[in-house]
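Asker: This is the structure I want to talk about, given as structure tokens.
The values are calculated or read from the model by the stated rules, or taken from the named source; none is laboratory data. Everything quoted here is computed from the prediction, not taken from an experiment. As a convention, Cβ positions derive from the backbone with ideal geometry for all residues, glycine included, and neighbour counts pool all protein chains shown.
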Amino acid sequence: MDVVAVAVFAAALAAIALEWTHRTKVALLGAAAVVLIGVIGEEEAIAAIDWSTLGLLVGMMIIVGLTERTGVFTYVALRVAQLSRGRPVSLVFLLALVTGVMSAFLDNLTAILLVVPITLLLADLLRISPIPLVLVEVLASNIGGTATLIGDPPNIMIGTAVPELSFLDFIVNLAPVAIFTLVTVTAGLALLYRRQLAIAPERAGEVAKLDPAADMREAPYVKRSLAVLLGTIVGFFLHAPLHIEPAVVALAGATVMLLVAADDVENALERVEWATIFFFIGLFVMVGGLEERGVIDRIAEGFADLTGGSRSLEALVILWGSALGSAVVDNIPFTAAMIPVVQSLQGDGFDDAAWWALALGACFGGNATIIAAAANVAASGVLARSGKPISFFGFLAVGLPATAVSLLIATVYLMIFQL
Amino acid sequence: MTTIKDLTLVAACVDSGATFEEAARLLRENRLASIAVVDASRKVVGLFTDEELLLGISPRYLDELRHTAFLEAELPSLRERAAQVRQESVLEHVRKAVTVQQDASAVHAAERFVHTDEAALAVIDASGRFCGMLERTELAHAMLRRLTAPTGEPPDRQS
């Protein structure tokens, strides 16, 4: 049975990495297989599902989906483009900043789906290629998402699995290194692309003529939606002192949003990406199978032997190993499998450095390849549908060096401040 | 019972080898919302509608955008895209065909319109060959005539 549990999970990872079919189908097939074969019991399979993670995801999908309707994110993206006044370096930095901040407080996939279409339009108006700007945004979204508990799926999973880590802990421990990494990587990209992004003054004038607030004037419930979004973010900051789980904050915010800013509840609930929710359910059950058969404990033991019990070495292996695993597979299933490994390694103790290493590795590793994070896949999909496809190797040429730089920064940060 | 073959159908179709421009011209000249694209045996392979026309001549990222009220000027790529799309195969711009059998009832056609939100349905015979396009307006008017007929008699067929 142990071999079956490992084989099913490995086959699922391979199918996801090779895009054999939709990842949700793969995860659900794997989950059904481990339950039907008897790797994990039915009750244990239900218990293996992390409902807090799902609650947090559903709540944020509703809040962000209904706020997006107001056009406020379009307003922000257009305003920063106008503020750049046609200067390529300013444009790159401002788009990276807005994508990074949106990723940190919404989530990186949503940020990409909001910002990339606007970027395609801006590139059209400015008569420049959108690909450099979209690459900047993808990298910024994965780095920005690292900064908070809700910014990137790996952080959501870690934050809900480890109750000792609060929303504020994530910001205090990860935001500084994420900001420094974002500035460093963006500076490199600005340097790399400065010639490709040369903008004619008359084209910059076309962007200046846009009226960014036009959509907000037409949209319903702008103030209410923004108030609920901001209230929810404040709730995240206060969840630890108030002893409320982040998932409860998100679901409470979503409930208030439905009450005050949604006329049609069924339409509002369509904002929930059910494919993503079921993807997580499938993963949790498969990982539950690995735990049930003792595979996770044996991996943790092997890991401890490899690092010889050294705390520093352990954290650095987690950092670089997670980045590699995320780059090759996808950072969500990799993190789902790594969380119980790190829990097993810690035994009865608690060392937050290992969790920061996992978060940094999985989130930064998401930048290495086009398949490493959901935001990358989404951005490349939008580009392809828009007739401006980016190849696997085209992404790799930028993503891999950016990831290497990010991981070096993370290594130095962990060594100095956490170990 | 009124069946679909009692209604006026428009024989609007292009061959699957047609270009986008040819399909668009047929749509425009006949003021239609939708035409069928058929293969050599007159089987329907897809529909070309005014939505495909709009998407075809617009920048491809248009359907990715969720807000555009801020736009006042014309997009630079609009003319480029319109010029580029002309010679593309119509097959690159078709949607899945919604078909109904010509012997089906008008109520069935009404149900198909309601649930698919199409402006026209492709009507086919028993062997699957294209008979014509049934426009939503034609069906709606026919049903209205039937409902308002004083004796409940079927309405006269009008061509």
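Asker: Of the residues A:Ala147, A:Ala81, only one is under 11 Å from the mean Cα position of the chain (by Cα) and either of a type in the set (A, V, I, L, M) or on the phi > 0 side of the Ramachandran plot (or both); which?
Answerer: After applying the criteria, what remains is A:Ala147.
Asker: Of these, A:Phe364, A:Phe395, which one is more than 14 Å from chain B (Cβ to nearest Cβ), modelled with pLDDT of 90 or more, buried (at least 16 other Cβ atoms within 10 Å of the Cβ) and under 23 Å from A:Ser129 (Cβ atoms)?
Answerer: Within the list A:Phe364, A:Phe395, the selection yields A:Phe395.
Asker: Sticking with this one: In region A:267-284, which residues are acidic (Asp, Glu) and within 16 Å of the chain's Cα centre (by Cα)? If you could, list the steps in order and put the result at the bottom.
Answerer: Taking region A:267-284 as the starting set, the residues that turn out to be acidic (Asp, Glu) are A:270, A:273.
If the condition is that a residue be acidic (Asp, Glu) and within 16 Å of the chain's Cα centre (by Cα), then A:Glu273 is the only one that fits.
Asker: Can you tell which of A:Ala327, A:Ala268 is of a type in the set (Gly, Ala, Ser) and closer than 17 Å to A:Ala362 by Cα? Step through it out loud before you land on a result.
Answerer: Values: A:Ala268 fails: closer than 17 Å to A:Ala362 by Cα.
Every option except A:Ala327 fails the conditions.
Asker: Evaluate region A:82-93: report whether one residue or more is within 12 Å of another protein chain (Cβ to nearest Cβ) and either touching a residue at least 40 places away in the same chain (Cβ under 8 Å) or of a type in the set (D, E, K, R) (or both).
Answerer: yes
Asker: Filter region A:285-306 down to the residues that are surrounded by 17 or more Cβ atoms within 10 Å (Cβ to Cβ) and either in contact with a Ser or Thr (Cβ under 7 Å, 6 or more places away or on another chain) or under 19 Å from A:Trp355 (Cβ atoms) (or both) and list them by number.
Answerer: Within region A:285-306, the subset surrounded by 17 or more Cβ atoms within 10 Å (Cβ to Cβ) is A:285-293, A:295-296, A:299-300, A:303.
Those that are surrounded by 17 or more Cβ atoms within 10 Å (Cβ to Cβ) and either in contact with a Ser or Thr (Cβ under 7 Å, 6 or more places away or on another chain) or under 19 Å from A:Trp355 (Cβ atoms) (or both): A:Val287, A:Glu291, A:Ile296, A:Ile299, A:Ala300, A:Phe303.
Asker: Which residues, taken from region A:114-169, are more than 12 Å from chain B (Cβ to nearest Cβ), in a helix (DSSP H, G or I) and of a type in the set (D, E, K, R)?
Answerer: If the condition is that a residue be more than 12 Å from chain B (Cβ to nearest Cβ), in a helix (DSSP H, G or I) and of a type in the set (D, E, K, R), then A:Glu137, A:Asp169 are the ones that fit.
Asker: Could you list, in sequence order, the residues of region A:220-232 that are surrounded by fewer than 18 Cβ atoms within 10 Å (Cβ to Cβ) and either within 14 Å of chain B (Cβ to nearest Cβ) or touching a residue at least 24 places away in the same chain (Cβ under 8 Å) (or both)?
Answerer: Step one: list which residues in region A:220-232 are surrounded by fewer than 18 Cβ atoms within 10 Å (Cβ to Cβ), which gives A:220, A:223, A:226-227, A:230-231.
Of everything in region A:220-232, those that are surrounded by fewer than 18 Cβ atoms within 10 Å (Cβ to Cβ) and either within 14 Å of chain B (Cβ to nearest Cβ) or touching a residue at least 24 places away in the same chain (Cβ under 8 Å) (or both) turn out to be A:Pro220, A:Leu226, A:Gly231.
Asker: Right, something else. Filter region B:48-63 down to the residues that are more than 8 Å from chain A (Cβ to nearest Cβ) and surrounded by 18 or more Cβ atoms within 10 Å (Cβ to Cβ), then identify the one that is farthest from B:Arg31 (Cα to Cα).
Answerer: Of everything passing the filter in region B:48-63, B:Leu62 is farthest from B:Arg31 (Cα to Cα).
Asker: Taking the condition charged (D, E, K, R) and free of Cβ contacts under 8 Å to residues at least 40 places away in the same chain, does B:Arg86 pass?
Answerer: no
Asker: Residues of region A:174-219 being free of Cβ contacts under 8 Å to residues at least 60 places away in the same chain and charged (D, E, K, R), which ones?
Answerer: Of everything in region A:174-219, those that are free of Cβ contacts under 8 Å to residues at least 60 places away in the same chain and charged (D, E, K, R) turn out to be A:Arg195, A:Glu202, A:Lys209, A:Asp211, A:Arg217.
Asker: Is it the case that some residue within region B:64-86 is buried (at least 16 other Cβ atoms within 10 Å of the Cβ), closer than 17 Å to B:Leu26 by Cβ, modelled with pLDDT of 90 or more and touching a strand residue (DSSP E or B) at 6+ places or on another chain (Cβ under 8 Å)?
Answerer: no
Asker: Looking at region A:12-76, what helices (runs of 4 or more DSSP H) fall wholly within it and have at least 3 residues that are among the charged types (D, E, K, R)?
Answerer: By residue number, A:42-48.
Asker: Just to be sure before I move on: is B:Val100 out of contact with any Gly (no Cβ under 9 Å at 6 or more places or on another chain), more than 9 Å from chain A (Cβ to nearest Cβ), in contact (Cβ under 8 Å) with a residue 40 or more places away in the chain and of a type in the set (A, V, I, L, M, F, W, C) in the structure I sent?
Answerer: In short, yes.
Asker: Are any residues in region A:159-172 crowded, with 21+ Cβ neighbours inside 10 Å and polar (S, T, N, Q), and if so, which ones?
Answerer: A:Thr160
Asker: Further question: Of these, B:Ser34, B:Ser41, B:Ser105, which one is surrounded by 19 or more Cβ atoms within 10 Å (Cβ to Cβ) and not hydrophobic (A, V, I, L, M, F, W, C)?
Answerer: B:Ser34
Asker: When you look at B:Ala23, is it modelled with pLDDT under 95, more than 13 Å from B:Glu118 (Cβ to Cβ) and small (Gly, Ala, Ser), yes or no? If you could, list the steps in order and put the result at the bottom.
Answerer: Working: modelled with pLDDT under 95: no; more than 13 Å from B:Glu118 (Cβ to Cβ): yes; small (Gly, Ala, Ser): yes.
Judged against the criteria, B:Ala23 is not a match.
Asker: Something else: For residues that are outside any helix (DSSP H, G or I) and closer than 25 Å to B:Arg81 by Cβ, tally how many sit in region B:13-30. I'd like the intermediate steps shown before the answer.
Answerer: As a first pass, look at region B:13-30 and keep what is outside any helix (DSSP H, G or I): B:13-19, B:30.
Filter again for closer than 25 Å to B:Arg81 by Cβ, leaving B:14-19, B:30.
Count: 7.
Asker: Which pairs turn up if I take residues in region A:121-132 that are closer than 19 Å to A:Ala384 by Cβ and look for partners that are hydroxyl-bearing (Ser, Thr, Tyr) and not in a loop (DSSP other than H, G, I, E, B) with beta carbon separation below 8 Å, at least 6 apart in sequence or on another chain?
Answerer: A:Leu121/B:Tyr61; A:Asp124/B:Tyr61; A:Asp124/B:Ser77; A:Pro130/A:Thr119; A:Pro132/A:Tyr193
Asker: Does A:Ala161 count as in contact (Cβ under 8 Å) with a residue 60 or more places away in the chain and not β-branched (Val, Ile, Thr)?
Answerer: Taking the combined requirement at face value, the residue satisfies it.
Asker: Given the structure, is A:Arg79 farther than 15 Å from A:Ser225 by Cα, basic (Lys, Arg) and within 14 Å of another protein chain (Cβ to nearest Cβ)?
Answerer: yes
Asker: Would you mind telling me which numbered condition in (1) assigned to a helix (DSSP H, G or I); (2) within 17 Å of the chain's Cα centre (by Cα) A:Ala368 fails?
Answerer: Going through the list (1) assigned to a helix (DSSP H, G or I); (2) within 17 Å of the chain's Cα centre (by Cα), A:Ala368 breaks only (1).
Asker: List pairs: first in region A:262-279 and under 17 Å from A:Pro220 (Cβ atoms), second outside any helix (DSSP H, G or I), Cβ under 7 Å, 6+ apart or cross-chain?
Answerer: A:Ala268/A:Ala262
Asker: Can you tell which of A:Ala359, A:Ala315, A:Ala379, A:Ala402 is within 14 Å of chain B (Cβ to nearest Cβ), in a helix (DSSP H, G or I), buried (at least 24 other Cβ atoms within 10 Å of the Cβ) and in contact (Cβ under 8 Å) with a residue 60 or more places away in the chain?
Answerer: Details: A:Ala359 fails: within 14 Å of chain B (Cβ to nearest Cβ); A:Ala315 fails: within 14 Å of chain B (Cβ to nearest Cβ); A:Ala402 fails: within 14 Å of chain B (Cβ to nearest Cβ).
Result of the check over A:Ala359, A:Ala315, A:Ala379, A:Ala402: A:Ala379.
Asker: Can you tell which of A:Val39, A:Val4, A:Val26 is closer than 15 Å to A:Leu290 by Cα and buried (at least 17 other Cβ atoms within 10 Å of the Cβ)?
Answerer: None of the other options fit; the residue is A:Val39.
Asker: Consider region A:193-219. How many of its residues are more than 14 Å from chain B (Cβ to nearest Cβ) and crowded, with 16+ Cβ neighbours inside 10 Å?
Answerer: 2
Asker: A:Arg271 fails exactly one of the following numbered conditions: (1) farther than 22 Å from A:Pro153 by Cα; (2) within 14 Å of another protein chain (Cβ to nearest Cβ). What is the number of that condition?
Answerer: Just one mismatch for A:Arg271, condition (1).
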